1. May I ask for the equivalent-ellipsoid semi-axes of region 1-127, computed as the square root of five times each C-alpha gyration tensor eigenvalue and listed largest first in whole Å?
2. Over the alpha carbons of region 106-222, what is the largest minus smallest coordinate on each principal axis, giving the biggest first in Å?
3. Strictly over 26 Å apart at the Cα level, which of Lys145/Lys203; Lys112/Lys167; Lys168/Lys203; Lys145/Lys196 would you flag in this model?
4. Which ³J(HN,Hα) values in Hz, rounded to whole numbers, follow from the phi angles of region 82-93 under the Karplus curve 6.51 cos²θ - 1.76 cosθ + 1.60, where θ = phi - 60° and Gly and Pro get x?
5. Can you give the Kirkwood hydrodynamic radius of region 157-241 from its Cα pairs, in Å with one decimal?
6. Quick check for you: with a 1.4 Å probe and neighbouring chains kept, what is the accessible area per residue of the chain, in Å²?
7. Under 5 Å between amide H atoms, partner at least 5 residues away or on a different chain: which partners does Leu187 have, H built in plane at 1.01 Å?
8. Ranked from the most accessible area to the least, with a 1.4 Å probe and all protein chains present, what is the order of Lys145, Lys185?
Amino acid sequence: MRLNVELNATESIRLPIHYNYLVQSMIYRNMDREFAEFLHEQGYEVGNRKFKLFTFSRLLGQYEIMGSEILFTPPIRLIISSPLKEFCQYLLNGLLSRGSIRLGQNEINVEKVSVSSPEAQSEIKVRLLSPVVAYSTFLKPEGGKYTCYFQPGEQEFNRLAEENLRKKYQAFYNQEPPAGDVRIKCLKSPRLHLIKYKSFVIKGYSGLLLLQGPQLLLQIALDAGLGSKNSMGFGLLEMMN
C-alpha cells in the first residue's frame, strides 16, 4: 500500500540537497508515537537483521539546485509505501489531522493524500523513484572495514537484492519465502547517486528495471522497497505500463 501525498506552500520550499533524513523524521513524527518508537528502535526482526518495512520517494516536482541547497517550486509530491496496514493508517491519520508538515525550516500544507495498492505480477517493469542500494561490508587486512556498493546489472547486486527480499518476506509474514529465483535486469543504464545521510555517504542507483520471479516476493519489493536502507528513502519502485 502506498500514500501519494500532495504538498503545497505559499512560497518556494528550500531544503539541503541531502534531505532524506528530514523526510524520514517527518514520517516518524506524524505517526502514533508508540508505534513510531517501536518501528524506529526495534522493527521486524529476522535473525540479526531488523527491518522497518517502509520506504519513500524523492520529492517529486519542479526544482532548482542552488549550491548546497535545492529549491522546490510548489506543488510537490511525496510517495510513501509499506506493506504494514498500521503504518499506513497511522501516517494517513497523522497527515490529514495535522494538515501540514515541517521539513527543515519549511511549513508545508498537506493538500491531499490518496491511497493505492499496486499489485505485482511474476514480471514487472519498474522505475526507481528513489535510488536503490545494495552493498557488502568487508574487513581490511590492516584492520577496520570498508563498504563495497553494487549497481543493477551486476551479479552481486542481484544476489544481495534477492536475499534482502526474502528476509523482508520472512519479517512481514513470519514464514519461509516462496521458492523460485528473482531476476533483475536493467532496461537502461543505471544512474549513480551519492547521497549523504547524517554523516554517511551512500551510493545508490536510479533507472528502469525488469523484475521477474515469485509474485509474492515482487509484491514485497513494490510495498517495502528493493535493496537496502529503504526506511532512509531508498529503493521505492513504481510500476510502468
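1. 25, 18, 16
2. Principal extents (Cα only, largest first): 50, 47, 33 Å.
3. Working: Lys145/Lys203 16 Å; Lys112/Lys167 34 Å; Lys168/Lys203 21 Å; Lys145/Lys196 19 Å.
Exceeds cut-off: Lys112/Lys167.
4. Each residue's phi maps through the Karplus curve to give 6, x, 7, 5, 4, 4, 5, 5, 4, 5, 4, 4 Hz.
5. Value: 13.7 Å, from the Cα pair sum.
6. On a per-residue basis, 51 Å².
7. Those qualifying (amide H under 5 Å, at least 5 residues apart or on another chain) are Leu208, Leu209, Leu210.
8. Lys145, Lys185
The values are calculated or read from the model by the stated rules, or taken from the named source; none is laboratory data. All values reported here derive from a predicted model rather than from experimental measurement. Note that we place each Cβ from the backbone using ideal geometry, even for glycine, and neighbour counts take in every protein chain shown. Accessible surface is based on the protein model in full, side chains and every heavy atom, while ligands, DNA and RNA are left aside. Shrake-Rupley method; radii C 1.70, N 1.55, O 1.52, S 1.80 Å.
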